[in-house]
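Colleague: Here it is: the structure, laid out below.
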Amino acid sequence: MARTSLPWLCLGVLGLAPTLATAADAEVRDFVIWVDGKRAGEYHMTIQRQDDGTATMTGQGDVRLSFLGGLKTYTYSYRGSETWKDGRLVSFTSTSNDDGKQLTVSATAEGNGLRVKGSGGERLSRGDVWLTTYWRLPAANHRNGAVPLLDADTGRDINAVLQYVGVSPLNVAGAVQNFGHYRLTGGVQVELWYDGSERLVRQEWVEDGHKTVLELLRVRR
């Protein structure tokens, strides 16, 4: 189990440190998407927190890539909304278009489980899943060991292991600061960095042989 109190949680500049929540406390996180070192799109997270501990994140992402001198184009879009309370996913919906392939997923808490409808049909899944949007760290008991993932695009289950790597300096929004670095292995291979609010600031992975980076550009409140 990972430590719930880490040195980097005490660090925060550029307004990324934890803040006291008020009713409907909201922020927007704007990200740039890079593919093989070239800017390929944007992703925007709108996060709202309520006094009762409920947190809602709506995400909107778009990618457009050109190959072979512009003769071939790849496009991807994502729209999703997820609600969490007490570390558990309460509800989730998403629609995505993967270069013409339309995908829709929905999930709702049901008893101790999660009722999921996706590309594989409908089923009752685990109630303690972590979504592949990765926008916030999972519950403490999943931070240094096995973590059940729910793919935000397809609704399929993924088995993975989350490992705390350590504190890493990153240049975010034009300033170098320290962040918590985590690594996902198993069904996915992803590098993740989180700020003092336990919210995502950077993500790196390889998609179809292409290095892809999601990088925080700014936080708006």
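Read-outs throughout are calculated quantities, based only on the coordinates presented, and are distinct from any laboratory measurement. In this text, all values refer to a predicted model and were calculated from it rather than measured experimentally. Here the Cβ is made from the backbone with ideal geometry for all residues, glycine too, and neighbour counts use every protein chain on show.
Colleague: Given the Cα-Cα distance of VAL161 and ARG79 and 0.36 nm per residue of separation, how much length would full extension add, in nm?
Modeller: Taking VAL161 through ARG79 to full extension adds about 26.9 nm, to one decimal.
Colleague: Give me a comma-separated list of calculated 3J(HN,Hα) values for the range 57-66, in order, Karplus coefficients 6.51, -1.76, 1.60 applied at θ = phi - 60°, integers in Hz, x for any Gly or Pro.
Modeller: My calculation for the range 57-66 gives 10, 10, x, 9, x, 9, 10, 9, 10, 10 Hz in order.
Colleague: Hey, another quick one. Springs between alpha-carbon pairs under 10 angstrom, Gaussian network model over the chain: which of ASP98, ASP153, ASP195 fluctuates most?
Modeller: Between ASP98, ASP153, ASP195, it is ASP98 that shows the largest mean-square fluctuation.
Colleague: Using a Cα-Cα cut-off of under 18 Å, which aspartates and glutamates could be cross-linked to LYS85, ignoring same-chain neighbours fewer than 8 residues away?
Modeller: Result set, ordered by chain and number: ASP25, GLU27, ASP51, ASP52, GLU110, ASP128, GLU198.
Colleague: Oh, and also: Among the lysines, select those whose C-alpha is under 26 Å from the C-alpha of LYS101, and discard any that sit fewer than 8 residues away in the same chain.
Modeller: LYS38, LYS72, LYS117, LYS211
Colleague: I need the calculated FRET efficiency for the pair ASP62 and ASN141, taking r as the beta carbon distance and R₀ as 45 Å, to the nearest 0.05.
Modeller: 0.85
Colleague: Counting Lys +1, Arg +1, Asp -1, Glu -1, what net charge surrounds ILE33 among other residues with beta carbon under 12 Å of its beta carbon?
Modeller: So the surrounding residues net to -2.
Colleague: Turning to a different aspect of this structure: Would you please give the FRET efficiency between GLU207 and ARG115, computed as 1/(1 + (r/R0)^6) with r the Cβ-Cβ distance and R0 = 35 Å, to the nearest 0.05?
Modeller: About 0.75, to the nearest 0.05.
Colleague: What is the P(r) of the range 7-220, as percent of Cα-Cα pairs per 5 Å bin from 0?
Modeller: Over the range 7-220, the share of Cα pairs per 5 Å bin runs 1, 7, 14, 19, 21, 19, 12, 6, 2, 1, 0 percent.
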